[in-house]
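S.K.: Got a structure for you, written out below as structure tokens; questions coming shortly.
The values are calculated or read from the model by the stated rules, or taken from the named source; none is laboratory data. Predicted model only: the values in this text are computed from it and were never measured. Cβ sites come from the backbone with ideal geometry, for glycine too, and all protein chains shown count toward neighbours.
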Amino acid sequence: MTDHRAQVDAVVVGAGFAGLYAHHRLRKLGLTIQGYEAAADVGGTWWWNRYPGARCDVESMDYSYSFSPELEQEWTWSERYATQPEILRYVNHVADRFDLRRDIQFETRVTAATWDESARRWHVVTDRGDRVTARFCIMATGCLSAAKQPEVDGIDTFRGPIFHTGRWPHEGVDFSGLRVGVVGTGSSGIQSIPVIADQAAHLTVFQRTPNFTMPAKNAPLDPEAVMARKARAREIRQAMRESRAGVIVPMPEHSALGVDDDAREAQFEKAWESGTLYGMVAAFNDLLIDEDANHTAAAYVRARIREVVKDPEVAERLSPRNHPFGTKRPCLDTDYYATYNRDDVTLVDVRSTPIVAITPTGIRTTTDEYALDAIVFATGFDAMTGPLLGPDIRGVAGMTLRDKWAAGPRTYLGIATAGFPNFFIVTGPGSPSVLVNMLVAIEQHVDWITDCIEYLRARHVASIDATVEAEDAWVDHVNAVANLTLFPTANSWYMGANVPGKPRVFMPYIGGFPRYNEVCSAVAADDYRGFTLTPATAPEPEPSPT
Ligand code: N01
């Protein structure tokens, strides 16, 4: 437990990719830091999500830190798409190499943070009774870290084990000989279903909404290609930072409707065979803004499903029809559709026959009862706002973040929220975050926040707070850009639609990473335009050496 009288410069909540990099940067500034992490070790999402088949669907050489050229050269990924264990090894390597665990208290969840206006400090409290005060509070709590259970009766009555993909047991699970039910067909379900099917005696998949998924074409990395990439690492990183989604994707020049059928088919074919998440989405320049263009991509995917899945009825059930292609996050898979050709796999459509209850022996829908020995909920997360609204956060005049965001998140740049001074969010709502390569987004945010803190210290500024005007203008801009696209038409977690009662607001910023980065840099260069800076009444003490 931390000393009750402890005072630090910064509290960092979370020790995933964002939290660790924040520790690295803040320490270089000479700040004293107290980190808290609910898990027993570093890794964030990669510590929790250990379900069978978990891997990243951004290519491993892109989904890694760029801040250290040495790290980049010494670490070698083994596969095009890294598995969860390999990513966790990487995170541990980074934590060891840069000695990043030193200031982190694990198995400790921050439960409250209250702004003390007179002291201009945050009072932070944890579930272990720690109390610490800090000048800055940095939320590196991730976008997809608050696991969501399905709203179904009877969960407690089930006699067998129930697992959630986002909270997977560390000792692993052996499904051999068991009748297993998986609820949910988002990325986690789609990655885990083929692997669980290989092990279980019988797998029943409960699907409410079929998703669009494309083959990952995963393979071991060719050592020569790795060497070649490492030789150009800096140049490639720069290009990634300048790219729309934080990964290098050729910018499409054509409308899907501006080419003939053969050319369109050929372009989709090329994108499909590329085995990348962004390939299909970026096959044409209007797939996410024009309904008719979008239909062509959706029709292409449905045709590919029919090619693989032998039973036409099952193929139809797997075919997404109630949201435009790409407006719920698409997935990359290995053998997903082929899994439904197995005799020991059953697909249940729980949109037409909804789940009524979990019973002691299985899952009951409106028409049938399915006997199961184990259940896996691949039911996702209370995305983006869930991790920030878990703790009781109170800003100026006791305003709670929960009240302030009751009608949806309000931020300036997705980094700050008015009335919560010296409170920074890494990849918060209103920033590109989940729409781009998270590693690029994280590094850009942590760099911005660290530069900001350095600026404040150099000028003896006690606190920085976004103005309501700047925030309102940013929120309007985020919504305006989203409304130019088809995204708001889908019941996605981007929209908060997967959580009953959650306000329907498109949360990430879809204006593209370069534009966003440009705005953030301009705000900083303009002496933090849109923020109120309050000078310290007395000079700040020199940072203690660490
Ligand atoms: O969660 P999801 P996820 N009854 O919300 C269904 C990232 N990720 O964990 O669509 C029945 O996508 C729900 O149905 P519906 C990635 O960004 C990345 O799979 O709401 N079904 C849906 O099918 C991803 O997008 C990787 O109708 C219920 C599913 O559960 C995000 O995490 C790997 C239900 C939830 O899908 C979330 O993915 C994994 C109910 N009561 C995840 N409640 C990488 O590779 C929910 N569902 C990097």
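S.K.: For the subset of the range 127-164 comprising residues that are more than 21 Å from residue 382 (Cα to Cα) and β-branched (Val, Ile, Thr), which member is farthest from the ligand (Cβ to nearest atom)?
M.R.: Among residues in the range 127-164 that are more than 21 Å from residue 382 (Cα to Cα) and β-branched (Val, Ile, Thr), the one farthest from the ligand (Cβ to nearest atom) is 133.
S.K.: May I ask you to list the residues in the range 188-217 that are of a type in the set (Lys, Arg) and either near the ligand (Cβ under 7 Å from one of its atoms) or surrounded by 22 or more Cβ atoms within 10 Å (Cβ to Cβ) (or both)? Working first, answer last.
M.R.: Step one: filter the range 188-217 for residues of a type in the set (Lys, Arg), giving 208, 217.
Passing the criteria: only 208.
S.K.: Taking residue 324, is it under 22 Å from the mean Cα position of the chain (by Cα) and near the ligand (Cβ under 10 Å from one of its atoms)?
M.R.: Details: under 22 Å from the mean Cα position of the chain (by Cα): yes; near the ligand (Cβ under 10 Å from one of its atoms): no.
In short, no.
S.K.: Hey, another quick one. Please give the number of the condition residue 204 fails out of (1) within 14 Å of residue 375 (Cα to Cα); (2) among the polar types (S, T, N, Q); (3) under 25 Å from the mean Cα position of the chain (by Cα).
M.R.: Going through the list (1) within 14 Å of residue 375 (Cα to Cα); (2) among the polar types (S, T, N, Q); (3) under 25 Å from the mean Cα position of the chain (by Cα), residue 204 breaks only (3).
S.K.: Need pairs with beta-carbon distance below 6 Å; first residue modelled with pLDDT of 95 or more and within the range 187-215, second within 9 Å of the ligand (Cβ to nearest atom) and outside any loop (DSSP other than H, G, I, E, B); sequence gap 6+ or separate chains.
M.R.: 187/331; 188/165; 190/331; 206/183; 211/331; 213/190; 213/331; 214/332
S.K.: Residue by residue through the range 169-187, note down the ones that are part of a loop (DSSP other than H, G, I, E, B) and away from the ligand (no atom under 11 Å from the Cβ). If you could, list the steps in order and put the result at the bottom.
M.R.: In the first step, residues of the range 169-187 are kept if they are part of a loop (DSSP other than H, G, I, E, B); the result is 169-175, 177-178, 184-186.
Answer for the range 169-187, where residues must be part of a loop (DSSP other than H, G, I, E, B) and away from the ligand (no atom under 11 Å from the Cβ): 169, 170, 171, 172, 173, 174, 175, 177, 178.
S.K.: Further question: Would you confirm whether any residue within the range 399-415 is in contact (Cβ under 8 Å) with a residue 24 or more places away in the chain, among the small types (Gly, Ala, Ser) and farther than 30 Å from residue 427 by Cα?
M.R.: Checked against the condition, which is being in contact (Cβ under 8 Å) with a residue 24 or more places away in the chain, among the small types (Gly, Ala, Ser) and farther than 30 Å from residue 427 by Cα, the range 399-415 yields no hits at all.
S.K.: When the range 339-360 is examined, which residues are found to be outside any loop (DSSP other than H, G, I, E, B), of a type in the set (A, V, I, L, M) and either under 20 Å from residue 279 (Cβ atoms) or within 15 Å of the ligand (Cβ to nearest atom) (or both)?
M.R.: 347, 348, 355, 356, 357, 358
Residue-wise test of (1) farther than 30 Å from residue 469 by Cβ; (2) under 28 Å from the mean Cα position of the chain (by Cα); (3) away from the ligand (no atom under 16 Å from the Cβ).
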| position | (1), (2), (3) |
| --- | --- |
| 371 | yes, no, yes |
| 376 | yes, yes, no |
| 395 | no, yes, yes |
| 414 | no, yes, yes |
| 427 | no, yes, no |
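S.K.: While we're looking at this one, here's another question. Can you tell me which residue within the range 53-85, out of those that are more than 13 Å from the ligand (Cβ to nearest atom) and part of a helix (DSSP H, G or I), is surrounded by the most Cβ atoms within 10 Å (Cβ to Cβ)?
M.R.: 72
S.K.: Take residue 50 and decide whether it is in contact with a helix residue (DSSP H, G or I) (Cβ under 7 Å, 6 or more places away or on another chain) and either of a type outside the set (A, V, I, L, M, F, W, C) or within 16 Å of the ligand (Cβ to nearest atom) (or both). Show your work before the answer.
M.R.: Values: in contact with a helix residue (DSSP H, G or I) (Cβ under 7 Å, 6 or more places away or on another chain): yes; either of a type outside the set (A, V, I, L, M, F, W, C) or within 16 Å of the ligand (Cβ to nearest atom) (or both): yes.
In short, yes.
S.K.: Follow-up question, since we're still on this one. Evaluate the range 504-515: report whether one residue or more is farther than 26 Å from residue 248 by Cβ and at pLDDT 95 or above. Please lay out each step first, then the result.
M.R.: Filtering the range 504-515 down to residues farther than 26 Å from residue 248 by Cβ leaves 504-505.
Going one step further and asking which of them are at pLDDT 95 or above, we end up with 504-505.
For the range 504-515, residues farther than 26 Å from residue 248 by Cβ and at pLDDT 95 or above: present.
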